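The values are calculated or read from the model by the stated rules, or taken from the named source; none is laboratory data. It should be emphasised that the depicted structure is a prediction, and the values quoted were computed from it without experimental measurement. No Cβ is skipped: glycine too gets one built from the backbone with ideal geometry, and neighbour counts run over all protein chains shown. SASA here: full protein model, heavy atoms, side chains in, ligands and nucleic acids out. Shrake-Rupley method; radii C 1.70, N 1.55, O 1.52, S 1.80 Å.
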Amino acid sequence: MTQSLPLGTHTETLHGFQIHRARLDPGAQQRLLEQVRDVVAAAPLFTPETRGGKAMSVRMTSAGKYGWFSDRSGYRYLPQHPSGSPWPEIPAVALDLWRDLVDARRLPDCCLINFYDRPARMGLHQDADEADFSWPVLSVSLGDSALFRVGGVNRRDPTASTWLESGDVVLFGGAARRAYHGIDRIRFGTSALLRNHGRINLTLRVVD
Ligand code: SIN
Ligand code: MN
């Protein structure tokens, strides 16, 4: 354990998604936010396109060995930011969470960072571009509340939803690793963490 647990932390499970409520206390959220700002300064946010050529409503960037990218040619990991610069280091607060909740010996090689800073959503999808699904995905929420919808491994499986708040951490491993999930909407103004409101989500992934 590299950090003491903040007061009020508890764990719930929804369709196999393990939700660690309030896992980051306000000080840790602030530190992570500053580390995210450093990533964005070195690897500016961009608007990805779907395979159909539509602009996604979230803006994104990445840190680590690989960054996730999408355009008309499809979804894939890139070894460099689209500008040609290397991806920055993964934020230390996020790596500590991975060490505590997943494995201290094998660290993730991608931290995808999504910005929901205008009315943005993310349709139901699977995280399926990684080589080894025995590694979970670890997701961290910062800023305004988001309605997170989770289903099963088939698109038509029943779904359930829950609000994710700033500081909540979700682990999707086991059967939930290939399960459909998405963000239906953001409740703007519910958190004071981001000056201009909105939400940031970080997902840590083992890619190779
Ligand atoms: C994602 O699935 O990549 C993002 C989920 C979230 O924003 O919580
Ligand atoms: Mn996802």
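Worth pointing out:
- Kirkwood estimate for the stretch 10-123, i.e. one over the average of 1/r between Cα atoms, Å: 15.5 Å
- Solvent-accessible surface (1.4 Å probe) assigned to residue 65 amounts to roughly 110 Å².
- Taken one residue at a time, the phi angles of the stretch 139-145 give Karplus couplings (6.51, -1.76, 1.60, θ = phi - 60°) of 10, 10, 9, 10, x, 5, 5 Hz. Gly and Pro are set to x.
- Accessible area in the full protein assembly, largest first, 1.4 Å probe, for 130, 89, 34, 165: 89, 34, 165, 130
- Helix content alone sets the calculated 222 nm mean residue ellipticity of the chain: runs of n ≥ 4 DSSP H residues at -39500 (n - 2.57) each, divided across all residues, give -4000 deg cm²/dmol.
- Summing +1 for each Lys or Arg and -1 for each Asp or Glu among the other residues whose beta-carbon sits under 11 angstrom from that of residue 22 gives -1.
- Using a Gaussian network model of the chain in which every pair of alpha carbons under 10 angstrom is joined by a spring, one finds that among 20, 125, 81 the greatest mean-square fluctuation is at 125.
- Proximal charge balance of residue 181 [Cβ under 13 Å; K/R count +1, D/E count -1]: +2
- In this structure, the amide hydrogen of residue 87, modeled 1.01 Å from its nitrogen in the peptide plane, lies closer than 5 angstrom to those of 81, counting only residues at least 5 positions away or on a different chain.
- Proportion of all alpha-carbon pairs of the stretch 12-205 beyond 30 Å (%): 11 percent
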